[in-house]
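In what follows, a single structure is set out as structure tokens and then discussed.
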Amino acid sequence: MIIGIATIVFKVSDLNRSCDYYEKTLGLSVAYKDAADGWAEIDLNGVHLGLHQAEPAGGARNPFVSLLVDDIEKTVATLKERGVNFTGDVTSESYGKVITVQDPDGNQFELFEPAD
């Protein structure tokens, strides 16, 4: 089931510029950066702010929250039984498995199970 916040994500248009802003301007630490994948994480003392280079940057789904789950397949099955709406299916990425949930007001968030 859901066990916490995995990350909060901002879509950004220029990953390097954004990392510089959060690190040099705001004084935060870049905990992880993979420019080839367009991904970085800023350490916010236990919770990471994800920076994802994507177009369009900003917008209605910015920021989005990613909730950490221990077993995504089991969690999705349980939540479907409870009437939870999902947009799409579980997808496998190099970093783990994800699926998007839509609440009754149309707000979207992600369920995330990290790769082993």
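The values are calculated or read from the model by the stated rules, or taken from the named source; none is laboratory data. All values reported here derive from a predicted model rather than from experimental measurement. Cβ: placed from backbone, ideal geometry, glycine included. Neighbour counts: every protein chain shown.
Would you pick out the residues in the range 75-95 that are part of a strand (DSSP E or B) and aliphatic (A, V, I, L, M)?
The initial filter retains those residues of the range 75-95 that are part of a strand (DSSP E or B), namely 85-93.
Passing the criteria: only Val90.
For the subset of the range 101-116 comprising residues that are part of a strand (DSSP E or B) and in contact with a Phe, Trp or Tyr (Cβ under 8 Å, 6 or more places away or on another chain), which member is modelled with the highest pLDDT?
Among them, the one singled out is Pro114.
Please identify the pairs in which a residue from the range 70-99 that is on the phi < 0 side of the Ramachandran plot has its Cβ atom under 9 Å from the Cβ atom of a residue that is assigned to a loop (DSSP other than H, G, I, E, B) and surrounded by 13 or more Cβ atoms within 10 Å (Cβ to Cβ), counting only partners at least 6 apart or on another chain.
Qualifying pairs under 9 Å: Val76/Val84; Thr78/Val84.
Name the residue that is surrounded by the most Cβ atoms within 10 Å (Cβ to Cβ), counting only residues in the range 81-105 that are acidic (Asp, Glu) and over 20 Å from Asp37 (Cα atoms).
Across the range 81-105, the extreme among qualifying residues is Asp103.
Looking at Val76, Val30, Val98, Val84 in this structure, which one is in contact with a helix residue (DSSP H, G or I) (Cβ under 6 Å, 6 or more places away or on another chain) and at pLDDT 90 or above?
On inspection, the qualifying residue turns out to be Val30.
Give me the pairs: first residue in the range 13-30 and within 10 Å of Asp43 (Cβ to Cβ), second residue hydroxyl-bearing (Ser, Thr, Tyr) and surrounded by 15 or more Cβ atoms within 10 Å (Cβ to Cβ), beta-carbon distance under 8 Å, and six or more apart or on different chains, which are they?
Leu28/Tyr22; Val30/Tyr22
Which of the residues that make up the range 1-43 are crowded, with 16+ Cβ neighbours inside 10 Å and small (Gly, Ala, Ser)?
Passing the criteria: Ala6, Ser18, Ala40.
Working only within the range 1-60, note down all residues that are of a type in the set (A, V, I, L, M), touching a Leu at 6+ places or on another chain (Cβ under 8 Å) and either in a helix (DSSP H, G or I) or over 21 Å from Phe109 (Cβ atoms) (or both).
Leu15, Leu28, Ala35
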